[in-house]
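To start, the structure under review is shown below, and the notes come after it.
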Amino acid sequence: MTVAALHEYLEQSARRYPQTCAAVEASSGRQITYGELDALSDQVRDHLRRIGVRPGDRVGICLPKSIASLAVLFGILKVGAAYVPVDSLAPPARNAFIFNDCGVRAIFVESSRAETLRYELARLAAEPRLLPLDWSDGPSPLATYLARVEAGGLAVEDESARPEPDNLAYVLYTSGSTGQPKGVMLTHRNGSSYVDWCSDILAPDENDRFSSHAPLHFDLSILDIFVPLKHGATVFLIGEELGKNPTRMASVIAERRLTVWYSTPSVLTLLVEHGSLDARDDHALRFILFAGEVFPVKHLRRLKAVVPRARYLNLYGPTETNVCTYYEIPQTIAEDRSAPFPIGRACSHVKARVIDANGRNVPRGQEGELAISGAPVMLGYWNMPERTSAAFHVDSSGRWYRTGDVVIEGDGGVYTFRGRRDRMVKRRGYRIELGEIETALYRHPAISEVAAIARSEESGVSIKVFYASRDGHALSLIELKRFCAHNLPAYMAPDWFSHQQLLPKTSTDKIDYQHLMRME
Amino acid sequence: MNAIQIRTMAKDFILKEFLPGERPENLTDSTELITDGILDSLATLKLVAYLEKSCGIEIAPDELVPENLNSIAQIANFVQSKQAST
């Protein structure tokens, strides 16, 4: 079943399984059927039409993960607009930058965050319409909001838009090397080609119960949201607070008998090391999917011992393509294995090759950059034509997205990840441009020089910041952490700070990163 | 354990584990630990494990919320209320 537009998955399931539970908020236990979710998102669509949102517009989502945010997402798609999700807990100035950059016409925002967001938007001279949802109004903030604003509303066309497959469906902002986030533009076809590949691999049906751990601004959420809803299955929405609480997450997995789990390896490690996942032996999990970073074999081995019956898939892919290679972890992991598993073979909906700096094929067994073409590859970066063309290699065989990931192709077309060719790192599944951390810290009035480096350790990637101050004295660590908490999303916070009188320089007077890498 | 003992214990642990090299006077009873990024989610779990062990209390998963743990003063109140209820 292939669709032209992503919201058709919901519409088709609502016709087929109107009374089936579509989504559950794992912490509150609130749930919604397919019929109700379809109707609620229709109301969002109608409201957006009344306030002037048109096909091709962008609409922001700054809400906690909830049934409301799910209905909002589908309502936006049903107008023919694209949704732009942000981390509602990120610094308001960063979210305002994103919404202004993307020119959103309206923003659904948790009412307690509306005023600070409005203030930050005003500083950028941006005036999108804010649509505030108030969770203190009761358990259905969206229905309450719509009932209030829609009373006596004018009639509008009550059919959902039928966008073309190559129309924009969502824009996901990722860390940018210049210090500002950049928007990855993804179409309905980008999303649906991936969702349909997931159907082939997971063979889900209406009895499946999927986890949705990743926030909406994270590309893992595309699988979590659209795959279960395509098949009449149930998605369990795990919000920000529950998602950090391993003991409660382990209870949800066991008591709700989840069948498909998808998250970063860090979250799975947390579940094994700090949750009580091992205390329960009656798991219904068919698949454990992980992506976003390397899974240390030590932790993966422990997880497999706790949940032995599930199949384990390592999924790989940047936001620009979503998942493009995958690798199934073998039933038994050799005792002496410590090397991470490969990222695997190209998925059936993409083409992959390994190229050098000039776009020529690299012989098998040698390092090169992984390049991807095919249906899931992004349109480009929002408002950044130069960055977009730099991200692609175009030749007679097609338009190839250069992932920036250095890999080696082994037997059977299996790729192994070797590292990055730039200053982007992945920690706990999040992409972080070290330059964005430096740019933020340069805004601190007492700091004169900053350099951020990343180190790979057994427990994962850690980020260390070296800095020099104007008066030559070290800053309080509390002050540095506080400054980061208010100027960067939490996932970008450095692990270590080291004060230096001056940072080491190369002969051309640039910061000597090689030297810093050797410093303790 | 009285409130001052709990505060001292929590403060020493946070300084040693998460703020190496910080001057103790910079960490006050009202310093915001979670909202100011001093404790991330993993650090919060470590702190909770330490409080459970050294204060002889059990903290339920539902109690791992910023209202209970966002400052040393809040931690002391929370631990004392747990001790009183056991």
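The values are calculated or read from the model by the stated rules, or taken from the named source; none is laboratory data. Only a predicted model underlies this, so the values are computations on that prediction, with no experimental measurement involved. Here the Cβ positions follow ideal geometry from the backbone for every residue, glycine too, while neighbour counts run over all protein chains shown. The area values use the complete protein model at the heavy-atom level, side chains included, leaving out ligands, DNA and RNA. Shrake-Rupley method; radii C 1.70, N 1.55, O 1.52, S 1.80 Å.
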With respect to residue B:38, is the statement that it is in a loop (DSSP other than H, G, I, E, B), facing chain A (nearest Cβ under 9 Å) and of a type in the set (A, V, I, L, M) true?
yes
Select, from A:292, A:275, the only residue that is open to solvent by 10 Å² or more (accessible area, probe 1.4 Å) and over 28 Å from residue A:419 (Cβ atoms).
A:275
Unique match (being of a type in the set (Gly, Ala, Ser) and surrounded by fewer than 24 Cβ atoms within 10 Å (Cβ to Cβ)) among A:199, A:211:
A:199
Residue under question is residue B:21, and the condition is that it be surrounded by fewer than 14 Cβ atoms within 10 Å (Cβ to Cβ), at positive phi and either more than 13 Å from chain A (Cβ to nearest Cβ) or touching a residue at least 24 places away in the same chain (Cβ under 8 Å) (or both); does it hold?
no
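Tell me, which helices (runs of 4 or more DSSP H) wholly within segment A:224-327 include 3 or more residues that are within 14 Å of chain B (Cβ to nearest Cβ)?
Details: elements: A:246-255, A:265-274, A:297-306.
Per the criteria, A:246-255, A:265-274.
Need at least 1 residues that are within 14 Å of chain B (Cβ to nearest Cβ) and surrounded by fewer than 17 Cβ atoms within 10 Å (Cβ to Cβ) per element, so show me which helices (runs of 4 or more DSSP H) inside segment A:406-520 make the cut, counting only ones lying wholly within it. So that I can check it myself, show each step before the final result.
Working: elements: A:434-442, A:477-487, A:513-518.
Qualifying helices (runs of 4 or more DSSP H): A:477-487.
So is residue A:237 outside the structural domain of residue A:391 (by TED's automatic domain parsing), closer than 19 Å to residue A:38 by Cβ, hydrophobic (A, V, I, L, M, F, W, C) and touching a Ser or Thr at 6+ places or on another chain (Cβ under 9 Å) or not? Steps first, please.
Working: outside the structural domain of residue A:391 (by TED's automatic domain parsing): yes; closer than 19 Å to residue A:38 by Cβ: yes; hydrophobic (A, V, I, L, M, F, W, C): yes; touching a Ser or Thr at 6+ places or on another chain (Cβ under 9 Å): yes.
Yes.
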Tell me whether segment B:43-59 contains one or more residues that are in contact (Cβ under 8 Å) with a residue 40 or more places away in the chain, more than 9 Å from chain A (Cβ to nearest Cβ) and surrounded by 15 or more Cβ atoms within 10 Å (Cβ to Cβ).
yes
Residue among A:190, A:167 that is buried (at least 23 other Cβ atoms within 10 Å of the Cβ) and farther than 24 Å from residue A:64 by Cα:
A:190
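With the condition kept exactly as written, say whether any residue in segment A:137-146 is assigned to a loop (DSSP other than H, G, I, E, B), surrounded by fewer than 21 Cβ atoms within 10 Å (Cβ to Cβ) and without any contact (Cβ under 8 Å) to a residue 24 or more places away in the chain.
Let us first name the residues in segment A:137-146 that are assigned to a loop (DSSP other than H, G, I, E, B), namely A:138-140.
Within this subset, residues satisfying the condition of being surrounded by fewer than 21 Cβ atoms within 10 Å (Cβ to Cβ) are A:138-140.
Now drop any that are not without any contact (Cβ under 8 Å) to a residue 24 or more places away in the chain, which leaves A:138.
Within segment A:137-146 (the criterion being assigned to a loop (DSSP other than H, G, I, E, B), surrounded by fewer than 21 Cβ atoms within 10 Å (Cβ to Cβ) and without any contact (Cβ under 8 Å) to a residue 24 or more places away in the chain), the answer is yes, since at least one residue qualifies.
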Residues of segment A:121-136 being open to solvent by less than 50 Å² (accessible area, probe 1.4 Å) and either among the basic types (Lys, Arg) or modelled with pLDDT under 95 (or both), in sequence order, are A:126
Within segment B:6-14, can one find any residue that is within 9 Å of chain A (Cβ to nearest Cβ), farther than 22 Å from residue A:275 by Cβ and surrounded by 13 or more Cβ atoms within 10 Å (Cβ to Cβ)?
no
